[in-house]
Amino acid sequence: MIRNLRFSIEAMGDKKIEMFLRWVQIVISFVCLCFIFQTFYDFQSINEKIEYLAGTSEIYVLRDLNTDAWYEELCNNDELTWKFQKIVDVINQTEVEKIVLNNNYETTKDQQSIELISVSKNFFEKYGVNGNFEEEVFSDFELRTLSNEEWSNEIWPVVAGYNYTHSYDLGEVIQDDYGQKYKIVGFLSKNTTYTLPMQSKDLECLDAAFIIPVNIDKNDNGNMIEYIFSCQFITDQKEALSSIEKTNRELQLLDMYFDNYTNQLEYVKNDTIECMVLFGSFGVVLMVFSMIGIVCMIIQLIANYEYEYAINMLCGANFGDIYFRVVFQSVCLIGSSVLISFAFFGNTKAFRNIVVISGVCLAGLFIFSFLKLKSETIINKIRING
Amino acid sequence: MKWMKNIELRNITKKYGKGENKTCALNKVNIGIDEGEMVAIMGTSGSGKTTLLNIIGTIDSWTEGEYYLKGKNIRDYSEKEKAVLRNQVFGFVVQDFALVPHYKVEKNVELPLYYTKYSKKKRKEKTDHVLERLHLINKKHCYPAELSGGQKQRIAIARALVNEAEILLCDEPTGALDSKTTKEIMDIFVMLNRSGKTIIIVTHDMEVAKYCRRLVKIEDGNIIEDVYK
């Protein structure tokens, strides 16, 4: 066994350039295949998440049609503040369940960027976001209406993304580079994602994010505008939102209209299908060429060296010695390629598919090499391949 | 029956193919070869001489008959044990040299020693010894493609000898060589025979056969002549 191991390693060393090129070919194939699988699963995940959200009842969001110039005017005009306050009050008084989700902020800590996502307390349940936190945490996410200054003086409760589980402890109070304090009240599970209809093609990962409660400063027009467009209304009765539309019309404030998830879902699905067809066509071609490449390479690995194997058998190698060498080289090539894929993608569903594919390749190789090496007598191998 | 010869083949028959396409390469061949003999097996192309040699070297199978090596029936050997025979008892020299093209000379000669328990140092010693004996020590870092036909054949002979094989099986060892090189190679075989090696040479060349003390003629799978000079 040790002798065979030593000889196999030496044999690979004799052909190191060729082995390296074959290894690169397999690594590229596996990584590309993994990427394609991952993309498909991401698209699938997007669809599932949106369908989960829209599963129980319709969800309405406000579509923003305002120009940047109009925004600037609205934000800087203090005379309009009372109008925004009125719309915000109407929204809060509406007897319709709503989710608030605003992902437009970020901060830095130790010069590392952290995405801040401000949410209402029902965000976790509605978006199926799980993690290591107690239900009491949700009370920390009650809607706040503090001034920006007051809010900055608060210690913000934070449910931190998975990446921070080894950096901070539960209950720890930390400070970002701007002096804002945060108290860690929970951590999310690994690879927690969400999607918004407006950004339908993207699956947003929360591993590096801080989730904080929503705060509305009713003296800040910009803040109130952000709040308005961060609301998602859960209702099958669109008439229940008529008060918001009516108030906005009367005040002649914002150019907006209600859109529902069903429409968004159609848009998302069409968009997703287009992407999947594009990716799928490209992916199928790549996958076919990759598999052909790997299979041909494996067959060539044995066929090219059949003469060498026959001479080794002439000199005293038995079938087991040669078979071990072939198996060892193949396992090294394919096994190390699988490890590289793991380094890129981690233990994901896409990577597990690659493990299965590599297992099938190895099984095929073992059977093929066994049959090929057994098929001819030593002397015929030398004659045919010499 | 007492087995007195080192190599005893009794009623060996070898058939190829199936049904109506069956070809008989050897037909009830009986031959015994003693230790230290130098035997030439002659015949035309397709006569069965190479098949006979390959059966002796356990690199080909046979259909019927018994083959005894040093009194033990070869059928009693497992595949692993036959591999050990090829490593320790037999040395092969074939017409196209059978050298691994991407191994250097040193590694080609050392190949049989990889399947022994010798240390790396011991393997190197034995390889260098046999290369010196055949005046090839200065070629040990060359590839086979860089050598002449005669040098390649001497490398093949060195490989056959490196593990001190008792029996050399040579299939047309001079077939690809000119007359001068042929003489050189045959002189090596004669020298090895004088040192006690058993040498069996398959050839169609009478000039090569003249170096051997025993001539076995084979035709259509049958031995038609077996004479000692």
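Taking Cα pairs under 8 Å and at least six residues apart, what relative contact order does region B:25-93 come out at, in percent?
So the answer I get is 23 percent.
In debye, nearest 20: dipole of the protein assembly as shown around its Cα centre with unit charges on the Cβ of K, R (+) and D, E (-)?
Around 6740 debye, computed over the protein assembly as shown.
Mind checking region B:36-77 for trypsin sites (Lys or Arg not before Pro) that DSSP puts in a loop (not H, G, I, E or B) and that have at most 16 other Cβ atoms within 10 Å?
When the trypsin sites (Lys or Arg not before Pro) of region B:36-77 are filtered for loop state and at most 16 Cβ neighbours within 10 Å, B:70 remain.
How big is the B-A contact in terms of buried accessible area, both chains counted, 1.4 Å probe, rounded to the nearest 100 Å²?
That pair hides around 2200 Å² of surface in total.
For the pair residue A:58 and residue A:255, what calculated FRET efficiency results from E = 1/(1 + (r/R0)^6), where r is the Cβ-Cβ distance and R0 = 30 Å, to the nearest 0.05?
Here the calculated transfer efficiency is 0.85.
Would you mind classifying region B:78-153 by shape? Square roots of the alpha carbon gyration tensor eigenvalues, ordered a ≥ b ≥ c; an a/c under 1.5 is rounded, otherwise it is prolate if a/b is larger than b/c and oblate if not.
Since a/c reaches 1.5 but b/c is at least a/b, the shape of region B:78-153 is classed as oblate.
For residue B:41, list long-range residues whose amide hydrogen, built 1.01 Å from N in the peptide plane, is under 5 Å from its own amide hydrogen.
For residue B:41, the qualifying residues are B:201, B:202, B:203, B:216.
Could you state how much accessible area residue B:215 has, in square angstrom rounded to the nearest 10, with a 1.4 Å probe and all protein chains kept in place?
20 Å²
Mind checking the dipole of region A:66-254: about its Cα centre, +1 per Lys or Arg Cβ, -1 per Asp or Glu Cβ, Debye to the nearest 20?
The dipole magnitude comes to about 420 debye.
Suppose R0 equals 56 Å; then what is the FRET efficiency for residue A:113 and residue A:372 from their Cβ-Cβ distance, rounded to the nearest 0.05?
The pair residue A:113/residue A:372 has a calculated efficiency of 0.50.
What share of all Cα pairs of region B:99-229, in percent, falls into each consecutive 10 Å distance bin?
The distribution over region B:99-229 is 12, 40, 32, 13, 3, given as percents.
Percent relative contact order of region B:1-153, based on C-alpha pairs within less than 8 angstrom and at least six residues apart?
Dividing the mean separation by the residue count of region B:1-153 yields 20 percent.
Which shape class, rounded, prolate or oblate, goes with region A:146-231 when its Cα gyration tensor gives a ≥ b ≥ c as root eigenvalues, a/c under 1.5 marks rounded, and past that a/b bigger than b/c marks prolate?
Oblate.
How about region B:98-184: which trypsin sites (Lys or Arg not before Pro) there lie in a loop by DSSP and see at most 16 other Cβ atoms within 10 Å?
B:117
Once you average over the residues of A:8-21, how many Cβ atoms of partner chains fall within 10 Å of each Cβ?
Taking the mean over all residues of the peptide, I get 1.
Taking a 31 Å limit on the Cα-Cα distance, which of the listed pairs B:120/B:180; A:15/B:80; A:183/A:238; A:126/A:246; B:70/B:217; B:14/B:104 fall beyond it?
Correct reply: B:120/B:180; A:183/A:238; B:14/B:104.
Quick check: residue separation of residue A:296 and residue A:191 times 0.36 nm, minus the Cα distance between them. What number comes out in nm?
34.1 nm
Which value in nm describes the separation of the simple spin-label points at residue B:22 and residue A:274, placed 7 Å from the Cα toward the beta carbon?
Placing both labels 7 Å along Cα→Cβ, they lie 7.3 nm apart.
Using every alpha carbon pair in the protein assembly as shown, what percent of pairs falls into each 10 Å bin from 0 up to the bin containing the largest distance?
3, 13, 17, 14, 10, 8, 8, 8, 8, 7, 4, 1, 0
If the reach is capped at under 17 angstrom between alpha carbons, list the aspartates and glutamates near residue B:28, excluding any in the same chain fewer than eight residues apart.
B:8, B:60, B:64, B:66, B:219, B:220, B:225, B:226
If you roll a 1.4 angstrom probe over the protein chains with everything in place, what fraction of the accessible area of region B:77-205 belongs to carbon and sulfur, to the nearest %?
Of all accessible area on region B:77-205, carbon and sulfur atoms account for 50 percent.
Please express the Cα-Cα pair-distance distribution P(r) of region A:1-153 as a list of whole percents, one per 5 Å bin, running from 0 to the bin with the greatest distance.
Each 5 Å bin holds this share of Cα pairs: 2, 5, 7, 11, 13, 12, 10, 8, 5, 5, 5, 5, 4, 3, 2, 2, 1, 0.
Under a 1.4 angstrom probe, counting protein chains only, how are B:170, A:275 ranked by accessible area, largest first?
So, going from the largest accessible area down, we get A:275, B:170.
If you take every DSSP beta bridge whose two residues both sit in region A:66-254, what share of them, in percent to the nearest 5, is antiparallel?
Around 60 percent antiparallel, to the nearest 5.
Can you list which of the GluC sites (Glu not before Pro) found in region A:286-378 are DSSP loop residues with at most 16 other C-beta atoms within 10 Å?
For GluC sites (Glu not before Pro) across region A:286-378 that sit outside H, G, I, E and B with at most 16 neighbouring Cβ atoms in 10 Å, the list reads A:376.
Compute the accessible area per residue over region A:271-320, keeping the other protein chains in place, probe 1.4 Å, unit Å².
Value returned for region A:271-320: 43 Å² of accessible area per residue.
For residue A:143 paired with residue A:67, estimate the spin-label separation in nm (one decimal), with each label point 7 Å from Cα along the Cα-to-Cβ line.
Those two pseudo-labels are separated by 3.2 nm.
Nearest 5 percent is fine: what portion of the DSSP beta bridges confined to the protein assembly as shown is antiparallel?
Antiparallel bridges make up about 60 percent of those DSSP assigns within the protein assembly as shown.
Roughly how many Å is it from the Cα centre of region B:13-69 to that of region A:112-175, as a whole number?
Rounded to whole Å, the Cα centres lie 86 Å apart.
Regarding region A:66-254, what's the average projected area of the Cα-atom convex hull, expressed in nm²?
11.6 nm²
Want the number for residue A:16 to residue A:243: 0.36 nm per residue separation, take away the alpha-carbon distance, what's left?
Full extension from residue A:16 to residue A:243 adds 74.3 nm.
Which of the residues in region A:267-314 show a loss of at least 20 Å² in accessible area from their chain by itself to the complete set of protein chains, at a probe of 1.4 Å?
A:307, A:308, A:311, A:312, A:314
State the percentage of accessible surface on region A:66-254 attributable to carbon and sulfur atoms; use a 1.4 Å probe and exclude ligands, DNA and RNA.
That share works out to 42 percent.
With a 10 Å cut-off between alpha carbons and a GNM built on chain A, which of A:171, A:222, A:161 moves the most?
A:171
Taking the Cβ-Cβ separation of residue B:148 and residue B:64 as r and a Förster radius of 35 Å, what is the calculated FRET efficiency to the nearest 0.05?
Given R0 = 35 Å and the Cβ-Cβ separation, E is 0.25.
Give me a single rounded figure for A:315-327: the average over its residues of other chain Cβ atoms within 10 Å of their Cβ.
5
Obtain the nm distance between the two label points defined at residue B:96 and residue A:135 by a simple spin-label model: each point lies 7 Å from its Cα along the Cα-to-C-beta direction.
Distance between the two pseudo-spin positions: 8.1 nm.
Once neighbouring chains are kept in place and the probe is 1.4 Å, which whole percent of the accessible area of region A:1-54 is contributed by carbon and sulfur?
The C+S portion of the solvent-accessible surface of region A:1-54 is 70 percent.
Given a 1.4 Å probe, show me the residues in region B:43-83 buried by at least 50 Å² of accessible surface when comparing the whole protein assembly to the chain alone.
The answer is B:59.
Taking the Cα atoms only, what angle lies between the long axis of helix A:221-230 and the longest principal axis of chain A, rounded to 10 degrees?
50 degrees
Kindly report, to the nearest 10 Å², the accessible surface of residue B:125 as traced by a 1.4 Å probe over protein heavy atoms only.
Answer for residue B:125: close to 100 Å² accessible.
How much area per residue is accessible in region A:66-254 when the probe is 1.4 Å and only protein heavy atoms are counted (Å²)?
51 Å²
Three principal axis extents, largest first, for the C-alpha atoms of chain B, in Å?
That works out to 51, 39, 36 Å along the principal axes.
The values are calculated or read from the model by the stated rules, or taken from the named source; none is laboratory data. Everything quoted here is computed from the prediction, not taken from an experiment. When we count neighbours, we look across all protein chains shown, and the Cβ atoms used for this are built from the backbone with ideal geometry, even at glycine. Surface areas here come from the heavy atoms of the whole protein model, side chains and all, with no ligands, DNA or RNA. Shrake-Rupley method; radii C 1.70, N 1.55, O 1.52, S 1.80 Å.
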